[in-house]
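Taking it in order: structure first as structure tokens, then the write-up.
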Amino acid sequence: MESRKIYNRIAILRLEMGISRKELAEKVGVNFQTIGYIEREEYNPSLDLAFRFCDVFHQPIEFVFSTSPQKPLSQLIQENK
């Protein structure tokens, strides 16, 4: 079976935290190049790695990852006003 594309907000959340790909890689225990592949959605993280990202960002998994394109954060903010 072909794997589904996993969409994510890792790049946005990483930039909001003010950390580099290398710093994030150290926090989740992967090579910094892996962060780039995941941010560009060229590689799907394992379930364990996905949860490690969520732990770093203090966000639920469904906020960070999705199997369908995610709404921009600015749109979510406007909808919740």
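The values are calculated or read from the model by the stated rules, or taken from the named source; none is laboratory data. Here the structure is a predicted model, which means the values were calculated and not measured. Don't worry about glycine lacking a Cβ; one is built from the backbone with ideal geometry, like all the others, and counts go over all protein chains shown.
Taking the stretch 15-54 as the search range and keeping residues that are acidic (Asp, Glu) and under 11 Å from the mean Cα position of the chain (by Cα), which one is farthest from residue 5 (Cα to Cα)?
39
State all residues of the stretch 8-49 that are of a type in the set (Gly, Ala, Ser) and surrounded by 14 or more Cβ atoms within 10 Å (Cβ to Cβ); if no residue qualifies, say none.
11, 25, 36 - these are the residues of the stretch 8-49 that are of a type in the set (Gly, Ala, Ser) and surrounded by 14 or more Cβ atoms within 10 Å (Cβ to Cβ).
Hey, can you tell me all the residues within the stretch 1-18 that are assigned to a loop (DSSP other than H, G, I, E, B) and either closer than 12 Å to residue 53 by Cβ or at pLDDT below 95 (or both)?
1, 2, 3, 4, 5, 6, 9
In the stretch 38-49, how many residues are free of Cβ contacts under 8 Å to residues at least 24 places away in the same chain and either in contact with a strand residue (DSSP E or B) (Cβ under 7 Å, 6 or more places away or on another chain) or not in a loop (DSSP other than H, G, I, E, B) (or both)?
Number satisfying all stated conditions: 3.
In the stretch 55-81, how many residues are outside any loop (DSSP other than H, G, I, E, B) and closer than 25 Å to residue 2 by Cα?
6
Note down all Cβ pairs under 7 Å where the first residue falls in the stretch 1-17 and is touching a residue at least 24 places away in the same chain (Cβ under 8 Å), the second is surrounded by 16 or more Cβ atoms within 10 Å (Cβ to Cβ) and acidic (Asp, Glu), and they're at least six residues apart or on different chains.
10/39; 11/39
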